[in-house]
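Worksheet: the structure to be examined is printed underneath.
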Amino acid sequence: GAGVSQSPSNKVTEKGKDVELRCDPISGHTALYWYRQSLGQGLEFLIYFQGNSAPDKSGLPSDRFSAERTGGSVSTLTIQRTQQEDSAVYLCASSLELAYGTGRTLAKNIQYFGAGTRLSVL
Amino acid sequence: EDQVTQSPEALRLQEGESSSLNCSYTVSGLRGLFWYRQDPGKGPEFLFTLYSAGEEKEKERLKATLTKKESFLHITAPKPEDSATYLCAVQADRGSTLGRLYFGRGTQLTVWP
């Protein structure tokens with residue numbers, strides 16, 4: 001597709017259940033990012049992938065959160081034993097690559113976002 | 001600690017009334033600053049990226065500028081369809097954290113006819 005695709009768009013779950021959120025990046029984009037947006041809060045970084053590896057997992061709020069990416073494309077964010085404080089919009093983004101250059105090279109770092117998955121934990 | 005602060009939190013303008021949104025940042029080694037627009041129920045939509053102090057970018061009624069400590073998003077003669085939340089984010093020049101963007105909380109702009 002033309003943009004970043006996320007599914008489901010909405011997810012309602014009961015406290016203690018596990019959930020999986022899916023992200024399909026823009027075709028040809030090698031870098032993929034997960035963020036969380038809570039009501040009244042800014043976007044909070046969770047994790048990013050360069051290819052299939054995740055150099056920076058430090059944004060994951062607890063060990064109940066994990067993410068994987070296979071084949072350098074689709075990524076899944078898994079939340080185990082969900083809690084009410086996990087309720088938020090989970091946003092995925094992708095960029096052409098993660099460039100270490102300067103100036104216009106950094107245009108490859110521009111992150112394009114999907115519409116998000118709204119997670120509600122009852 | 002890296003911080004991005006946006007002001008004002010909310011702004012109401014009459015159609016045609018120009019104004020500016022502010023984004024101030026403290027980051028060790030700025031690699032890039034990004035402006036996004038977010039409509040309710042949607043993901044952020046990329047607007048501009050700025051890399052060095054003094055740089056300016058324009059798109060229709062929007063113009064973004066960058067200094068060493070802040071960025072401004074100028075809106076000239078806004079229209080109701082410009083109503084949205086405008087987000088500012090920075091990318092820091094640090095090894096393994098290069099991939100993360102640090103976002104401000106946004107400015108909610110409402111333009112009324």
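Here's the yes/no breakdown for (1) under 28 Å from residue A:7 (Cα atoms); (2) surrounded by 21 or more Cβ atoms within 10 Å (Cβ to Cβ):
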position	(1), (2)
B:46	yes, no
B:56	no, no
B:76	no, no
B:99	yes, yes
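Does residue A:46 fit the bill of being surrounded by 15 or more Cβ atoms within 10 Å (Cβ to Cβ) and either in contact (Cβ under 8 Å) with a residue 24 or more places away in the chain or farther than 26 Å from residue B:45 by Cβ (or both)?
Values: surrounded by 15 or more Cβ atoms within 10 Å (Cβ to Cβ): yes; either in contact (Cβ under 8 Å) with a residue 24 or more places away in the chain or farther than 26 Å from residue B:45 by Cβ (or both): yes.
Yes: the conditions hold for residue A:46.
Testing residue A:93 on (1) more than 23 Å from residue B:4 (Cβ to Cβ); (2) out of contact with any helix residue (DSSP H, G or I) (no Cβ under 8 Å at 6 or more places or on another chain), one condition comes back false. Which one is that?
Just one mismatch for residue A:93, condition (1).
Can you list the strands (runs of 3 or more DSSP E) found entirely within the stretch B:56-109 that contain at least 3 residues being modelled with pLDDT of 95 or more?
Working: elements: B:56-59, B:62-66, B:70-75, B:84-92, B:101-103.
Correct list: B:56-59, B:62-66, B:70-75, B:84-92.
In the stretch A:91-118, what residues are more than 23 Å from residue B:94 (Cα to Cα) and either without any contact (Cβ under 8 Å) to a residue 40 or more places away in the chain or part of a loop (DSSP other than H, G, I, E, B) (or both)?
A:114, A:115, A:116
Could you check the stretch A:68-95 and list, in sequence order, the residues that are open to solvent by 40 Å² or more (accessible area, probe 1.4 Å) and of a type in the set (Lys, Arg)?
Correct list: A:81 only.
For the stretch B:1-27, enumerate the residues that are surrounded by 13 or more Cβ atoms within 10 Å (Cβ to Cβ) and of a type in the set (A, V, I, L, M).
B:4, B:11, B:13, B:21, B:27
Here are some conditions: (1) within 10 Å of chain A (Cβ to nearest Cβ); (2) assigned to a loop (DSSP other than H, G, I, E, B). Residue B:48 meets all but one. Which one does it not meet?
Of (1) within 10 Å of chain A (Cβ to nearest Cβ); (2) assigned to a loop (DSSP other than H, G, I, E, B), only one is false for residue B:48: (2).
Pick from the stretch A:42-90 the residues that are part of a strand (DSSP E or B) and among the polar types (S, T, N, Q): which of them is farthest from the other protein chains (Cβ to nearest Cβ)?
Of all residues in the stretch A:42-90, those part of a strand (DSSP E or B) come to A:43-50, A:53-56, A:65-69, A:75-79, A:88-90.
Then drop every residue that is not among the polar types (S, T, N, Q), which leaves A:50, A:53, A:66, A:75-76, A:78.
Numbers: A:50: 7, A:53: 11, A:66: 17, A:75: 13, A:76: 18, A:78: 20 Å.
My answer is A:78.
The values are calculated or read from the model by the stated rules, or taken from the named source; none is laboratory data. Because the structure is predicted, anything quoted here is derived from the model rather than measured. So basically every Cβ, Gly included, is an ideal-geometry build from the backbone, and we count neighbours across all protein chains shown. Quick note on the areas: whole protein, heavy atoms, side chains included, nothing else; ligands and nucleic acids left out. Shrake-Rupley method; radii C 1.70, N 1.55, O 1.52, S 1.80 Å.
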